[in-house]
Structure formats: structure tokens, C-alpha cells
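These notes concern the structure reproduced below.
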Amino acid sequence: MNLIFDIGNTSTKVAVFDGRRKVTSLRTKQYSWDEMKRIFSPYKIDKAIVSSVRETPEFIIDLATLDIPYVHVLSYRSKLPFKIQYETPETLGTDRIAAFAGACSIFPGKKVLVIDAGSAITYDFVSGKTFKGGNISPGISMRFKALSKFTRRLPLASTTDKFTSPGRNTIEAITAGVINGVIYEINEYIRTFEETHKGIKVVLTGGDSGYLKNRINHKVTYMPDIVIEGLNYILEHNA
């Protein structure tokens, strides 16, 4: 079985796969040695992969190498099941690399726009087995925090299901501005890509994807696990 560590900016996702089938997974912000052992101790782990967009906690590497025959730490130097047409591959986050891999695995030979709505929102284009490039913009939480931090009088707002637009007070004005701005942005990206790349698949993932999926005016495939699916695919490809 395969053990997957996906260490993001705000949380860590751990999963166990049996071949290509996900057996179990857990997302947590507070992880520990004991918790990690508890997750995979019932399974016979043969291979593991660690992906991190920040400094990888040492105990995770120690844990993964304790009783597991093969452990892979993902980087742009890893053997990947696709080509990267990017001038600075060393600057690519491993979460983005994993998402490309997931798209190639799930939609082989297709054109895919992967929208990852997390701390940042990334728009990455995969065509066949080639990553063509992508764009990065601030995520929902980052936009709220920026408005509060870089102004003197604007309060810190947050995501909510109920607000009016135009806003009737400052909190609603900020909420409507941020949420509608993100939705308009995503809708326009999808419209543009669908116009220039006929038959393109659009995948939505990331921490805010559940909130956004029913607010987008275009057909998207909601795939919250595409990054761990991609990590599992890369692990199998390297092992």
C-alpha cells in the first residue's frame, strides 16, 4: 500500500492508497508523531511520498523512513509522467506538480484547466502530457486579510453563505467584493479557456473549492482529491 503526505500552507492531508483506490484519508492542521503512526499502523505500507509547499517537519521524514521500503520526496527533479514547459520549474510548488499529474492520470491525452482554490488560486493548463503554464492570484482568505492589513479602517471579514450585493454595511461590502471578485475571475478564466481550447476539461480543487463549486456559472469537475491522486500516480511512476 501507498502512504501519501500532502503538506499545504494551512493543513496537511494524509492518505493511504491500495493501488489506485483510496483506502482512507485525513486532513489536519495539528499533526503529531503519534497521530501519523495511528493513521497508517493498520496498513502494510510499501511505498510513501512526501509533498510539501513549506518546510517539511522532520518527524514526517523520520516516520516515513522508519519501516517503509521506498520513500520519495517530491520535487521538480522527480521523474514525472508529463513534460513541463515552464521557464523556472524549480519554482513550481509540489502541490501544483501533483495536480498536473492527477489531471494526466484521470484525463489522459485531454486538455485540462486545473483551478486550485486554496491559500492562493492557481490556474494551470495541461495539454496531453505537457504542462503548458499557469497563473497565480490571491485566494479568498488572503484577500480578506490584505484588505484589513493594508488599510486603516477596514475590518477583517470572512467567508459566509449569506451576504447582500451591493453590501449594505462595510462587512457585507468587503464580503461581496471578495467573494464576487473571485467568482467573476474564475468564470472569466473558464470562459476564455473554453473559447480557445475546445473540449477542455475544467477541474476545481483546493480548500475553498467546496464553497465555490455551486457558485460558478460553468461546468466544472469537482475533485477535492486530485492532488493526492496525483501524488499516488507520481509515486507509482517513480517506484
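The values are calculated or read from the model by the stated rules, or taken from the named source; none is laboratory data. Bear in mind that the values here come from a model prediction, so they are computed numbers and not experimental data. Heads up, the Cβs are rebuilt from the backbone with ideal geometry, glycines too, and the neighbour counts pull from every protein chain shown.
Among the numbered conditions (1) surrounded by 15 or more Cβ atoms within 10 Å (Cβ to Cβ); (2) closer than 18 Å to ASN2 by Cβ, the only one that PHE100 does not meet is (2).
Scanning segment 62-82 for residues that are surrounded by 13 or more Cβ atoms within 10 Å (Cβ to Cβ) and in contact (Cβ under 8 Å) with a residue 24 or more places away in the chain yields LEU63, ALA64, ILE68, TYR70, VAL71, HIS72, VAL73, LEU74, SER78, LEU80, PRO81, PHE82.
LEU92: in the same structural domain as GLY133 (by TED's automatic domain parsing) and either small (Gly, Ala, Ser) or closer than 26 Å to SER209 by Cα (or both), yes or no? Answer is yes for this residue. Where strands (runs of 3 or more DSSP E) fall wholly inside segment 36-145, the ranges with 1 or more residues that are closer than 22 Å to TYR189 by Cβ and under 16 Å from the mean Cα position of the chain (by Cα) are 111-117, 120-127, 130-138. For segment 106-114, indicate whether the set of residues that are of a type outside the set (A, V, I, L, M, F, W, C), in contact (Cβ under 8 Å) with a residue 24 or more places away in the chain and in contact with a Gly (Cβ under 9 Å, 6 or more places away or on another chain) is non-empty. Looking through segment 106-114, at least one residue is of a type outside the set (A, V, I, L, M, F, W, C), in contact (Cβ under 8 Å) with a residue 24 or more places away in the chain and in contact with a Gly (Cβ under 9 Å, 6 or more places away or on another chain). Among the residues of segment 67-89, just one is in contact with a Cys (Cβ under 8 Å, 6 or more places away or on another chain) and under 11 Å from ASN238 (Cβ atoms), namely PRO81. Among the residues making up segment 156-183, those that are over 23 Å from ILE121 (Cα atoms) and surrounded by fewer than 15 Cβ atoms within 10 Å (Cβ to Cβ) are THR164, PRO166, ARG168, ASN169, THR170.
For ILE183, the conditions (1) touching a residue at least 24 places away in the same chain (Cβ under 8 Å); (2) in contact with a Phe, Trp or Tyr (Cβ under 9 Å, 6 or more places away or on another chain) are fulfilled apart from (2). A single member of THR160, THR192, THR151 is in a helix (DSSP H, G or I) and out of contact with any Asp or Glu (no Cβ under 6 Å at 6 or more places or on another chain), and it is THR192.
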